[in-house]
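J.: I have a structure I would like to understand better, so I am pasting it below and will then ask my questions one at a time.
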Amino acid sequence: MFNGFRSFLLRGNVVDLAVGIVIGAAFTAVVTGFVTAFLTPLIGVATGAVGDFSKQTFTVGETTFPYGAFLNALISFLLVAAVIYFAVVVPVGRLQARFNPVKDQPVAKADCPDCLSIVPAAAIRCAFCTSDLAGRPGFPAQATASLH
């Protein structure tokens with residue numbers, strides 16, 4: 001029983017997942033700190049407020065609604081999402097586009113009606129039996145006029 005548990009824990013994907021979660025938590029702390037220290041005060045400067053809305057409330061009857069905490073969380077979420085998008089997603093996407101070349105589109109293929117070999121659908125002549133394919137079913141009618 002313990003051998004199975006040990007092999008489960010030492011699987012590559014479990015260890016990778018654990019490392020990803022730890023790195024993600026550390027990265028979240030860095031981004032949240034950046035947003036709290038720099039971006040939220042900038043919002044306060046732009047709106048003429050302190051930038052901390054957590055103490056804002058309104059009262060209806062005898063009930064107090066602390067909408068400021070929600071507003072703070074919403075602003076923080078939007079700023080964290082923007083920082084992650086512009087500082088991580090966009091650069092990583094560009095990096096992947098640079099290092100992963102565009103894969104060629106697969107060429108459409110069809111069976112030669114005479115020898116049943118697979119040839120490109122745009123072919124004019126079969127590479128195997130050399131029969132004329134232009135204008136035959138499954139093949140375009142291009143080049144029939146240019147052959148004559």
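A short reminder: the numbers here are calculations on the coordinates, not readings from a lab. These numbers were taken from a predicted model, which means no experiment stands behind them. Please note: Cβ atoms are built from the backbone with ideal geometry, for glycine as well, and neighbour counts cover all protein chains shown.
J.: Across the stretch 54-59, in residue order, what do the Karplus-derived ³J(HN,Hα) couplings come to in whole Hz, using 6.51 cos²θ - 1.76 cosθ + 1.60 with θ = phi - 60° and x for Gly and Pro?
T.: Once rounded to whole Hz, the list reads 5, 9, 6, 9, 9, 10.
J.: Same structure, new question: Identify, among Ala110, Phe77, Gly4, the residue whose Cα sits farthest towards the positive end of the charge dipole of the chain, taking +1 on the Cβ of Lys and Arg and -1 on the Cβ of Asp and Glu, with the dipole about the Cα centre.
T.: Gly4
J.: Helices from the chain with mean Kyte-Doolittle at least -1.0 and a Cα length along the axis of 30 Å or more, per DSSP H: which?
T.: 12-34
J.: Charges at C-beta only: +1 for Lys and Arg, -1 for Asp and Glu. How large is the resulting dipole of the chain about its Cα centre, in Debye rounded to 20?
T.: For this selection, approximately 300 debye.
J.: How far apart, in nm, are two points set 7 Å out from the Cα along the Cα-to-Cβ line at Asp16 and at Thr32?
T.: In this crude label model, Asp16 to Thr32 measures out at 2.7 nm.
J.: Right, next: Once mean projected area of the Cα convex hull in nm² is worked out from the coordinates, which option in (i) 9.7; (ii) 8.0; (iii) 23.7 does it equal?
T.: It is the value labelled (iii).
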